[in-house]
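Beneath this line is the structure, given in structure tokens, with notes to follow.
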Amino acid sequence: MPRFVPLPDRDGPAGSARMWINPEHVVSLVPKVHRDGAHHILRVEIKLVGTPAFDAWLGKFDSGADADTRWGEFLRDLGNQATAGS
């Protein structure tokens, strides 16, 4: 059975997902952090098998360290999901 990892919905309520991805279909991930003046905005460029690359929002943080922590959590989520049940 496929496993899925949620991508947050920036415009939805906290904890809601805009899309769910199957980690087995991930070809590449590129973290992108920029500042809006006060916050660090973390996005990820995702390339899945058979699709063009697209950006997904991962969160808004008070520091670069917090954004890095979220990036690590996202990678762990992908790895945990990919190996769960193996």
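Odds and ends about this structure:
- Residues of the chain: accessible area per residue with a 1.4 Å probe, Å²: 63 Å²
- Relative contact order (%) - criterion: Cα under 8 Å, at least six apart; region: the chain: 26 percent
- Placing a label point 7 Å from the Cα of Ala53 along the Cα-to-Cβ direction, the residues of region 1-25 whose backbone N falls under 20 Å of that point are 7-8, 21-25.
- Label separation (Ala14 vs Glu45): 3.2 nm, computed from points 7 Å beyond Cα along the C-beta direction.
- Each Lys and Arg Cβ is given +1 and each Asp and Glu Cβ -1; about its Cα centre, the chain then shows a dipole of about 120 debye.
- Selected from Asn80, Gly50, Phe4, residue furthest toward positive end of dipole (the chain; charges at beta carbon): Gly50
- For the chain, with all protein chains in place and a probe radius of 1.4 Å, 54% of the accessible heavy-atom surface sits on carbon or sulfur.
- Neighbours of Thr51, meaning other residues whose beta-carbon lies under 14 angstrom from its beta-carbon, give a summed charge of -2 when Lys and Arg score +1 and Asp and Glu score -1.
- Each residue, Ser28 and Asp77, gets one label point 7 Å from its Cα in the Cβ direction; the gap between the two is 2.3 nm.
The values are calculated or read from the model by the stated rules, or taken from the named source; none is laboratory data. From a predicted model like this one, the values you see are computed outputs, not experimental measurements. Here the Cβ is made from the backbone with ideal geometry for all residues, glycine too, and neighbour counts use every protein chain on show. What goes into the accessible areas is simple: the full protein's heavy atoms, side chains included, and nothing from ligands, DNA or RNA. Shrake-Rupley method; radii C 1.70, N 1.55, O 1.52, S 1.80 Å.
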